[in-house]
1. Could you pull the Rg and Dmax for segment 1-91, using just the Cα atoms, both in Å?
2. How far is helix 62-73 tilted, in degrees, relative to the longest principal axis of the Cα atoms in the chain, given as a value from 0 to 90 rounded to the nearest 10?
3. What number comes out for the charge environment of HIS132, summing +1 per Lys or Arg and -1 per Asp or Glu over other residues with Cβ under 12 Å away?
4. Tell me, in nm to one decimal, what length is gained between ARG91 and LYS29 on full extension, where the rule is 0.36 nm per residue of separation less the Cα-Cα distance?
5. Using alpha carbon centroids, what distance separates segment 123-145 and segment 168-214, in Å?
6. Give the relative contact order (percent, whole number) for segment 49-148; include only Cα pairs under 8 Å separated by 6+ residues.
7. List, in the order given, every pair from LYS214/LYS289; LYS179/LYS315; LYS225/LYS293; LYS144/LYS189; LYS104/LYS191; LYS48/LYS188 whose Cα-Cα distance in the structure shown is over 21 Å.
8. Looking at segment 1-30, which GluC sites (Glu not before Pro) are in a loop (DSSP not H, G, I, E or B) and have at most 15 other Cβ atoms within 10 Å?
Amino acid sequence: QTSLKSAFEPDFLIGTALGTEHIFERNEKANTVIKREFNAISPENVLKSGPIHPEMGRYNFEAADRYVAYGQKNQLYTVGHTLVWHSQLPRFVQRMNHADSLRKFMKEHIQTVAGRYAGKIDSWDVLNEALHEDGTLRNSIFLKLLGEDYIQQAFQWAAEADPHAALYYNDYGIERPEKRQGAIALIKKLKDNGVKIDGVGIQGHWGLHQQNLKDIEESILEFSKLGVKVAFTELDISVLPSPQKLNGADVNQNFSEDPHLNPYQKSLPDSVQQALSLRYEGLFRLFLKHKDKISRVTFWGVNDGQSWLNEWPIKNRTNYPLLFDRDYNPKPAYYSVLKIK
Ligand code: XIL
């Protein structure tokens, strides 16, 4: 096989998340890899409400327009991410304390953004991360001011603004049984009320030694029983330890000298490369097994250098979560994924 997209062409789409350097084609190596390997794109940040809608009634469409045009020009399946999310919200929205103003913002935002790109965005993450770990609805500004009906309204406004886009609920950790039950309830309620929802996005920010194939398989089966497609929307595998308790500054202090927090700063040992290859191989074997239920597998970034996992949950680390290294060369994990086809 010569590329990820051609290898998995009969099965599901293979996507990547684009940052501004890719959208504005400032990085030739990266843009070559994108066009060669992927047939779907997601916007890492430029379509989020904070960046695109910085002030009441003022939009900043430049980067988003370029993103959508890039997808069209290169005939890539183009994802919109995301219409309603508690994070990366404009400041003027974070300060709101009346239901009416928040509802008006949400409606206008969805109509304006989804409406502008109607017919050009193939799939929208309408709602992102609306659940707590225990499966209850996240106590976000949306839930607090609008009550749980905001969910149904968001999907209805999105369907009106762009009747042809596939509409998704997107979240992390919904493969875990407790949180999964919350996602199932959310999807079921929309379905029962006749509201359009086409798919569920499992983000897929996972760890190297996480044993979660069984949870993932059960989720694929349970979600698809509800009559929705399953997408893996933000796949990456952190090779670094994830501190359980993040005490902000405490954890960040002197981290780069702490070998526990950043053990592979200089290079990745062969043993870890191997573990990463096996981890990706296991995931893709599972995805292939259920290819009829899966619409898309998208990596959260093109290469290790771009990954948000160098900055999260701790700043300034050196992580190796993707299939291409910092020079845009395919890593052993890339070949382990290709070889299963
Ligand atoms: C991340 C981006 O990758 C970062 O650049 C940004 O600073 C924060 O957001 N879940 C999501 C994505 O739905 O939008 C997040 O993207 C990663 C977690």
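Rule-based calculations on the coordinates, nothing more; no lab input. Note that the structure is a prediction, hence the values are computed from the model and not measured. Every residue, glycine among them, receives a Cβ derived from its backbone with ideal geometry; neighbour counts consider all protein chains shown.
1. Just the Cα atoms of segment 1-91 yield Rg and Dmax of 14.4, 49 Å.
2. With rounding to tens, the tilt is 70 degrees.
3. Net local charge, HIS132 excluded: -2.
4. Difference between extended and current length: 18.8 nm.
5. Segment 123-145 and segment 168-214 have Cα centres separated by 12 Å.
6. With pairs under 8 Å counted, the relative contact order is 35 percent.
7. LYS179/LYS315; LYS104/LYS191; LYS48/LYS188
8. Working: sites: GLU21, GLU25, GLU28; in loops: GLU25.
Here the GluC sites (Glu not before Pro) that fit, given the DSSP loop and packing criteria, are GLU25.
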